[in-house]
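A.B. asks: Below is the structure I would like to discuss, written out as structure tokens.
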Amino acid sequence: AQAADREKLLSDPGVFGTFAVFAVDDAWWRLDREARAKVGEEIKGVLDKHGEQVVADLYLLRGLSDRADLMLRLHSTDLARHQHLVLDFLATSLGRYLHNVYTFHGITKPANYVPGFSDDLKAAMKTPPDPGPKPYAIVVPIRKDADWWNQPQAARLEMMQEHAQVTTPYLKTVKRKLYHASGLDDLDFITYFETARLDDFHNLILALERIKENRHNRRFGHPILLGTVCTVGDLAEVFAR
Ligand code: HEM
């Protein structure tokens, strides 16, 4: 079977993204090692089964988060496939001990504002990320207020231009991805970042808190999810420990 085209699903518009976040019940850790040993194999089996349609990324939150242990990020062109994958995931021996603490859905879209930016800013937006590993992943759910949506496009464009001006210095160290979530859950946007530089990420957030757009954030975080990008093997190592 041919694996889904990862590059394409992670860059195309019209792709659904699901963030499914889980906490592991304490009872899991009381199982003997033998009962937990197959966790990697089972998770790999689920991801492979759906691998033709769904691109799955795994994150370890345990040890960094007080409310969640692991996160799945799924991409495909059909949300029902994410449902099937998560159902199979929940049916694994680890899955039976998981509490699904958050699920967010969004869709990727062409840029709304970038085409209206000044040429200088458009050029600055093309700064590629520095090469090298970006081990931390951060998810920030966002909901705007009614005032934001009621503004004319030109007023929003001006504010988003300011957003881009203060954020372009971070393009080298912070990779980002935006999902539009209105109607798919209680959010308007899911923002996702990868970085090796949490100090930069902190300063980036401060920069965005200081601009006019921030007056229109009805929800920013709650929760902010911080974890590390990991493989099935990494997860297995932690949960079979
Ligand atoms: C949208 C740049 C970081 C939240 C945008 C857009 C640009 C941009 C250019 C407009 C996209 C469009 O044309 O539709 C950046 C850059 C960042 C960064 C260069 C740093 C490397 C962040 C952070 C957050 C954030 C840290 C919040 C945690 C958003 C949201 C939107 C957005 C919610 C959608 C706004 C809307 O369509 O109303 N960003 N951003 N961005 N960004 Fe950022």
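The values are calculated or read from the model by the stated rules, or taken from the named source; none is laboratory data. All of these numbers come straight from a predicted model, not from anything done at the bench. Neighbour counts run over all protein chains shown; Cβ positions are idealised from the backbone, glycine included. In case anyone asks, the SASA skips ligands and DNA or RNA and just uses the protein heavy atoms, side chains included. Shrake-Rupley method; radii C 1.70, N 1.55, O 1.52, S 1.80 Å.
A.B. asks: Out of the residues in segment 1-38 meeting the condition of being of a type in the set (Phe, Trp, Tyr) and assigned to a helix (DSSP H, G or I), tell me which one is farthest from Arg73 (Cα to Cα).
C.D. replies: Out of the qualifying residues, it is Trp29.
A.B. asks: What number of residues within segment 199-241 are more than 15 Å from the chain's Cα centre (by Cα), more than 11 Å from the ligand (Cβ to nearest atom) and open to solvent by 60 Å² or more (accessible area, probe 1.4 Å)?
C.D. replies: Here the count works out to 9.
A.B. asks: Starting from segment 106-125, take each residue that is of a type in the set (S, T, N, Q) and list its partners that are open to solvent by less than 50 Å² (accessible area, probe 1.4 Å), counting only C-beta distances under 6 angstrom and pairs at least six apart or across chains.
C.D. replies: Thr108/Val15
Residues checked against (1) out of contact with any helix residue (DSSP H, G or I) (no Cβ under 8 Å at 6 or more places or on another chain); (2) closer than 21 Å to Leu9 by Cβ:
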site	(1), (2)
Ala154	yes, no
Thr173	no, no
Thr191	yes, yes
Arg197	yes, no
Leu206	yes, no
Asn214	no, no
Val232	no, yes
Phe239	no, no
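A.B. asks: For His75, work out the one condition from (1) touching a helix residue (DSSP H, G or I) at 6+ places or on another chain (Cβ under 8 Å); (2) open to solvent by 10 Å² or more (accessible area, probe 1.4 Å) it doesn't fulfil.
C.D. replies: Going through the list (1) touching a helix residue (DSSP H, G or I) at 6+ places or on another chain (Cβ under 8 Å); (2) open to solvent by 10 Å² or more (accessible area, probe 1.4 Å), His75 breaks only (2).
A.B. asks: What number goes with the only condition from (1) within 9 Å of the ligand (Cβ to nearest atom); (2) assigned to a helix (DSSP H, G or I); (3) open to solvent by 60 Å² or more (accessible area, probe 1.4 Å) that Arg156 does not pass?
C.D. replies: Unmet for Arg156, out of (1) within 9 Å of the ligand (Cβ to nearest atom); (2) assigned to a helix (DSSP H, G or I); (3) open to solvent by 60 Å² or more (accessible area, probe 1.4 Å): (3).
A.B. asks: Restricting to segment 16-66, name every residue that is under 12 Å from Gly227 (Cβ atoms) and out of contact with any His (no Cβ under 9 Å at 6 or more places or on another chain).
C.D. replies: Val21, Leu58, Tyr59, Leu60, Leu61, Arg62, Gly63, Leu64, Ser65
A.B. asks: Among the residues of segment 183-194, is there at least one that is within 23 Å of Val21 (Cα to Cα) and among the polar types (S, T, N, Q)?
C.D. replies: Looking for residues that are within 23 Å of Val21 (Cα to Cα) and among the polar types (S, T, N, Q), one finds at least one in segment 183-194, hence yes.
A.B. asks: Among (1) modelled with pLDDT of 95 or more; (2) more than 28 Å from Gly14 (Cβ to Cβ); (3) touching a strand residue (DSSP E or B) at 6+ places or on another chain (Cβ under 9 Å), where does Val46 come up short?
C.D. replies: (2)
A.B. asks: Could you list all residues from segment 98-115 that are outside any loop (DSSP other than H, G, I, E, B) and either more than 11 Å from the ligand (Cβ to nearest atom) or surrounded by 15 or more Cβ atoms within 10 Å (Cβ to Cβ) (or both)?
C.D. replies: Leu98, His99, Asn100, Val101, Tyr102, Thr103, Phe104, His105, Gly106, Ile107
A.B. asks: More than 9 Å from the ligand (Cβ to nearest atom), within 24 Å of Ser65 (Cβ to Cβ), open to solvent by less than 60 Å² (accessible area, probe 1.4 Å) and aliphatic (A, V, I, L, M): is that true of Leu184 in this structure?
C.D. replies: Criteria not met by Leu184.
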